[in-house]
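Have a look at the structure below before the remarks.
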Amino acid sequence: MTKFLFVTDLDDTLVHRTVGDDNALPELNELLNRHRQEYGTKIVYSTGRSPVLYKELQAQKNLLQPDALVLSVGTEIYLDGTDTPDSGWSEILSPEWDRETILSLAGKYPELVRQPDSEQRPFKVSFFLEQDLSANVLPQLEAQLQKSKLNVKLIYSSGIDLDIVPHSSDKGQAMQFLRQKWKFAAEQTVVCGDSGNDIALFAVGNERGIIVGNARKELLQWHNEHPADYRYLASSFCAGGIIEGLNYFGFL
Ligand code: GLC
Ligand code: MG
C-alpha cells in the first residue's frame, strides 16, 4: 500500500443530502483515517459551500478533519485547519476578476435569482436558475460576459445552481494546485463527485475518478461523452460508491 491524494465533493458524494442515508460513511472514514496515519495519505474536501455552509454541514455529519479544504467551488483553499484562504491561490485568481461588472451584467436577467449573501464570495458570484430556463439564458449570459472580456467561467449544477468564478478556478484546478504542492502523481490521486461542479475534477487531467452511483444527469451525460479508463462509475450511492471505487483502483 502507498499513500494517495483523496479529493471528494461533499453533498451527495461523501454524504447523503437527498438520496438516502449515510450507512457506509463510518467505514469510509475509518479506512481513510487509518490510511492517513499509516501511509501519509492526504484527505481533501472540495465543495461549492461557503465557510458558513461548510460549518453547518460539519455540525450535522460525521466529517474528518481534512488536510485541506476547498470551498466555494474551488475559489478558496484552506490548509491545515486555518481560517484564512491560501494567498498563493487567491493571487492566481485575482487578475481581471471584476465582481461588480459581473453583477451588473447578470442583473439584466430576471431569470437569475441571487443566492443568499453567505454564498456570495470574493471570487464567486452565485444565482439560482431554473433548469428549463437555463438552455436559453446560459449561452446569452456567457456571450455577454465574454464580449466584455471579463475573467470568468460559468458552472451550472444540479439543475438550479449557477456559479460565476474566475477562469483560472474550479474544483479541478484547485485539486491540481494541491497535488503539485504535495507532489502526488495523477495516478496517485483520486477524485470523487456527483454533479456539474465536479466535472472539472474529472476533466482537468488523468487523475483517477469515482462517479458515485447516484450521480446527477449532467455529470453522467458528460461521462458518456468523454469515456476514460481511469474513471469508474460506481453502482453504490455516496460513501458506499467511493469505497467501491477505491477498491477498484487498488488504493485500499
Ligand atoms: C453549494 C453552494 C452554492 C453553489 C452550489 C454549486 O450549494 O452553497 O453557492 O452554487 O454549491 O456549486
Ligand atoms: Mg455534490
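Details
- The amide H of Asp161, built 1.01 Å from its N in the peptide plane, has Leu129 as neighbours under 5 Å, considering only residues 5 or more places off or on other chains.
- Using equal-weight Cα scatterers in the Debye expression, the normalised intensity of segment 92-166 in log10 at q = 0.11 Å⁻¹ is -0.24.
- Summed side-chain charge close to Leu105 - residues other than Leu105 whose Cβ falls under 14 Å, Lys, Arg +1, Asp, Glu -1: +1
- Most mobile listed residue (Pro116, Pro51, Pro66) in the chain, GNM with C-alpha springs under 10 Å: Pro116
- Fully extending the segment from Gln180 to Trp222, taken as 0.36 nm per residue of separation minus the present Cα-Cα distance, adds 12.5 nm.
- Taking Cα atoms only, the orientation of helix 131-147 departs from the longest principal axis of the chain by about 70 degrees.
- Against the main long axis of the alpha-carbon atoms of the chain, helix 238-248 sits at an angle near 60°.
- Estimated vicinal HN-Hα couplings, Hz - segment 149-159 in sequence order (Karplus 6.51, -1.76, 1.60; Gly, Pro = x): 6, 7, 7, 9, 9, 9, 10, 10, 10, 6, x
- Links that overshoot a 22 Å alpha carbon limit, given the list Lys61/Lys181; Lys55/Lys181; Lys3/Lys181: Lys61/Lys181; Lys55/Lys181
- Under a 5 Å amide H cut-off, with hydrogens placed 1.01 Å from N, Val152 pairs with His167 among residues at least 5 apart or on other chains.
- Think of a 1.4 Å ball rolled over the protein heavy atoms: the chain then has 44 Å² of accessible area per residue.
- The relative contact order of segment 92-166 comes to 36 percent, based on Cα pairs under 8 Å that sit 6 or more residues apart.
- Stretching Asn29 away from Ala135 to a fully extended chain increases their span by 34.3 nm, per 0.36 nm per residue minus the current alpha-carbon distance.
- Relative to the longest principal axis of the Cα atoms of the chain, the long axis of helix 171-182 lies at roughly 50 degrees.
- Under 22 Å from the Cα of Lys153 - lysines, other chains or at least 8 residues apart: Lys108, Lys124, Lys171, Lys217
- Segment Thr101-Asp22, extension gain: residue separation times 0.36 nm, minus the distance between their alpha carbons: 24.3 nm
- Three-way shape call for segment 76-220 based on the alpha-carbon gyration tensor, with the a/c threshold at 1.5: oblate
- Residue of Ala68, Ala228, Ala239 that the Gaussian network model of the chain assigns the largest fluctuation, springs spanning Cα pairs under 10 Å: Ala228
The values are calculated or read from the model by the stated rules, or taken from the named source; none is laboratory data. On a predicted model such as this, the values are computed, not experimentally measured, just so you know. For neighbour counting, all protein chains shown are included, and Cβ atoms are generated from backbone atoms with ideal geometry for every residue, glycine included. These area figures cover heavy atoms from the full protein model, side chains too; ligands, DNA and RNA do not enter into them. Shrake-Rupley method; radii C 1.70, N 1.55, O 1.52, S 1.80 Å.
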